[in-house]
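Engineer: Please read through the structure below; I'll follow up with questions.
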Amino acid sequence: MKKKVLSVILSTAMIASVLAGCGGGSEAPAADGSSAEAEAPAADGGSAEAEAPAADSGSAEAEAPATDSAAGGAEEITWMFWDDLNATEDLISLGYKDTVERFNKDYEGKYHVNVVTTNLEEYYAKLNALVAAGETPDCFIVSPGPNLDVYVDPGIAADLTDYIKADGWIDTFNGGEGAFSQQTYDGKIYAVPLNIAAACVFYNTEMFETAGITTMPTDWNGMLDACEKLQSAGYTPLTISAGTAWCLSMLAGYICDSEGVDLAAIDGGTASWLDANVVNATNKLVEISKYFQPTAAGDTNDVATANFYNEEAAMLIQGSWAIAQINGANPDFESKCGVFAFPGTDGRVIAKSDSLAMSANTAHPEAVIAFMKYFTDDTAQKYTAEVGGKIPVTTVEYDASKAPAQLEYVMDVFGNAKSTFGFYNESMATTEAGAFFDDTMVSIYLGTPVEEGLASLEDFYKNNVWNK
């Protein structure tokens, strides 16, 4: 059976809202032996992404990571990515590796791309160091929202509008120009989306059956009831990473949204972090945390996800980019991996996309655009669905029978979605505000009283958002 992606399940308006962030993947060993995450980088809460990079040249504190070897007399360009393509098991990242290899083969002697890799925690720090040194990669991966703003505002990211609208490229995207709504600033397009992912609840169907759970939770009480039944059956109900702050704050964002928290109103100063609905949401985060694995505080996202596909926990709340990691690491687990929408959100779903930006100072814009187009051609986009399990951004047809089983479940989640929204930390007024939210949620999980933690968030907004 073949499907034209999104043309049935989403309207153009929904597509525009779906592309609200960047995607992700998995953690993989970096070249230096450290752990590398290919997740949504905007949400790690680290200081590296809290500071906007300087647009002018200067001395960089970190040296540019080593790139692939050059190729003859071809025009050389660099692409910076947050996963190690030679070490990863993540299927989406492996698809990107194939895209690079196809491009270099097809353009041999004319263009050649060198890949600069790092791990997630260091990605923005190293990217910003290269920017400060006047060595911005020709092409780099980003998340829309604040993580793209900081490259648009100082003129680091190039205006791609004319390129995207030339030669019918824009017409290959679902929704046409609407597909770029979250990559557009002041009417100009600054990044190209590559795929779509939804944040869902992945669950072990066998564990649910053993625990006597026959109906998926649709509200908060149902979620707590499922957790209690799983725990009574001897299972760890939920695996999550509080060591990677954005994972915990993604759950917090879902709960806040279900409680009717109006983030735009808070950013605008007409609502408060101390309002009753925020307090209620944060208390619910604390309430469900008793069902986390005991090591959640220190576990990375890689470890938390492995807990799930190694059948050490019954549920994982994560983006559908995790399908590529789950199936890449344990293909046999696919048959018992179910998916349902996070309960209690009234049909609202967190959605994200990987995106590519181009340096405004690149000496090789035509080569970069040619490279970007390889990520959105039919070969790459079919792979996105049929192997990676993410939703393509183009109108490509794919064979649903070849796709991971979880993709059909995710498509059902989207089909029943009333609207989408982005990660909370990526939707706030600044990257600093998003990072502070992440850290606050982790602090509260670790034992800071709810009111005290939210008061510190309120103070941060008073000093850094509302009075600026």
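Engineer: Compare HIS112, HIS364 by solvent-accessible area with a 1.4 Å probe and give them largest first, with all protein chains kept in place. Don't skip to the answer; put the middle values down first.
Structural biologist: Working: HIS112 25, HIS364 50 Å².
Sorted by accessible area, descending: HIS364, HIS112.
Engineer: A follow-up question, please. Note the full-extension length gain between TYR185 and THR295 as 0.36 nm times their separation in residues minus their Cα-Cα distance, in nm to one decimal. Display every interim value, and only then the final one.
Structural biologist: Details: separation 110, 0.36 × 110 = 39.60 nm, distance 4.12 nm.
This chain segment gains 35.5 nm when fully extended.
Engineer: With an 8 Å cut-off on Cα pairs and a minimum separation of 6 or more residues, tell me the relative contact order of the range 359-468 in percent. It would help to have the intermediate numbers written out before the result.
Structural biologist: On the way: 66 pairs, mean separation 14.2, N = 110.
Answer for the range 359-468 is 13 percent.
Engineer: Rounded to the nearest 10 Å², what accessible area does GLU397 show when all protein chains are kept and the probe is 1.4 Å?
Structural biologist: 90
Engineer: Hey, for a label at TRP220 modelled as a point 7 Å past Cα toward Cβ, could you say which residues of the range 334-356 have their backbone N under 17 Å away?
Structural biologist: Inside the label zone: 342-348.
Engineer: Quick one: which residues, 5+ away or cross-chain, put their amide H under 5 Å from the amide H of ASN195? H built at 1.01 Å from N.
Structural biologist: HN-HN under 5 Å from ASN195: ASP354.
Engineer: Fully extended, how many nm does the chain gain between ASN463 and ASP262 (0.36 nm per residue separation, minus their Cα-Cα distance)? Can you show the working numbers first?
Structural biologist: Numbers: separation 201, 0.36 × 201 = 72.36 nm, distance 2.01 nm.
Fully extending the segment from ASN463 to ASP262 adds 70.4 nm.
Engineer: Rounded to the nearest 0.05, what FRET efficiency do SER401 and ALA233 give with R0 = 25 Å and r taken as the Cβ-Cβ distance? Could you check? Kindly include the intermediate steps, with their values, before the conclusion.
Structural biologist: Working: r = 34 Å, r/R0 = 1.35.
With R0 = 25 Å, the Cβ-Cβ based efficiency is 0.15.
Engineer: Follow-up. Can you send over the solvent-accessible area of SER443, 1.4 Å probe, protein chains only, in Å² to the nearest 10?
Structural biologist: Using a 1.4 Å probe on the heavy atoms, I get roughly 40 Å².
Engineer: Checking the a/c ratio against 1.5 first, then a/b against b/c, what shape does the Cα gyration tensor give for the range 385-468?
Structural biologist: On the way: a/c = 3.65, a/b = 2.49, b/c = 1.47.
It is prolate, given that a/c is not under 1.5 and a/b is the larger ratio.
Engineer: Here's a follow-up. FRET efficiency for ALA455 and ALA363, Cβ-Cβ distance as r, R0 = 41 Å, nearest 0.05? Working shown, then result.
Structural biologist: Details: r = 50 Å, r/R0 = 1.23.
About 0.20, to the nearest 0.05.
Engineer: Using the Karplus equation 6.51 cos²θ - 1.76 cosθ + 1.60 (θ = phi - 60°), what ³J(HN,Hα) coupling, rounded to whole Hz, does each residue of the range 426-437 give in order, writing x for Gly and Pro?
Structural biologist: Coupling constants for the range 426-437: 8, 9, 7, 4, 9, 5, 4, 5, x, 5, 5, 4 Hz.
Engineer: Something else now. Can you work out ³J(HN,Hα) from phi for every residue in the range 351-367, in order, using Karplus 6.51 cos²θ - 1.76 cosθ + 1.60 and θ = phi - 60°, giving whole Hz and x for Gly and Pro?
Structural biologist: Once rounded to whole Hz, the list reads 9, 9, 8, 5, 9, 10, 10, 10, 5, 5, 9, 4, 8, 9, x, 5, 5.
Engineer: Keeping all protein chains in position, work out how much accessible area LYS336 exposes to a 1.4 Å probe, and write it in Å² to the nearest 10.
Structural biologist: 40
Engineer: 5 Å is the cut-off here: which amide hydrogens, built 1.01 Å from N in the peptide plane, fall below it relative to THR118, excluding neighbours closer than 5 in sequence?
Structural biologist: Amide H neighbours of THR118, under 5 Å, 5+ apart: PHE81, ASP83.
Engineer: I'd like to compare 302-313, 398-409: which one has the highest average count of other Cβ atoms within 10 Å, and what's the full order after that?
Structural biologist: Working: 302-313: 21.8, 398-409: 17.2.
Top to bottom by mean Cβ count within 10 Å: 302-313, 398-409.
Engineer: Could you give me the ³J(HN,Hα) list for the range 392-403, computed from phi with Karplus coefficients 6.51, -1.76, 1.60 and θ = phi - 60°, whole Hz, x at Gly and Pro?
Structural biologist: Result, rounded to whole Hz: x, 9, 9, 8, 4, 8, 10, 8, 5, 5, 8, 6.
Engineer: Please find the FRET efficiency linking GLU408 to THR210, where r is the Cβ-Cβ separation and R0 is fixed at 30 Å, and quote it to the nearest 0.05. If you can, show how the numbers build up before the last one.
Structural biologist: Values: r = 24 Å, r/R0 = 0.79.
That pair, GLU408 with THR210, gives E of 0.80.
Engineer: Could you list the residues of the range 73-113 with an amide nitrogen less than 16 Å from a label point located 7 Å from the Cα of PHE333 in the Cα-to-C-beta direction?
Structural biologist: 89-92
The values are calculated or read from the model by the stated rules, or taken from the named source; none is laboratory data. Small disclaimer: the values here were computed from a predicted structure and weren't measured. Neighbour counts are summed over all protein chains in view; Cβ atoms, including those assigned to glycine, are modelled from backbone coordinates with ideal geometry. The accessibility values were calculated without ligands, DNA or RNA, using every heavy atom of the protein model including side chains. Shrake-Rupley method; radii C 1.70, N 1.55, O 1.52, S 1.80 Å.
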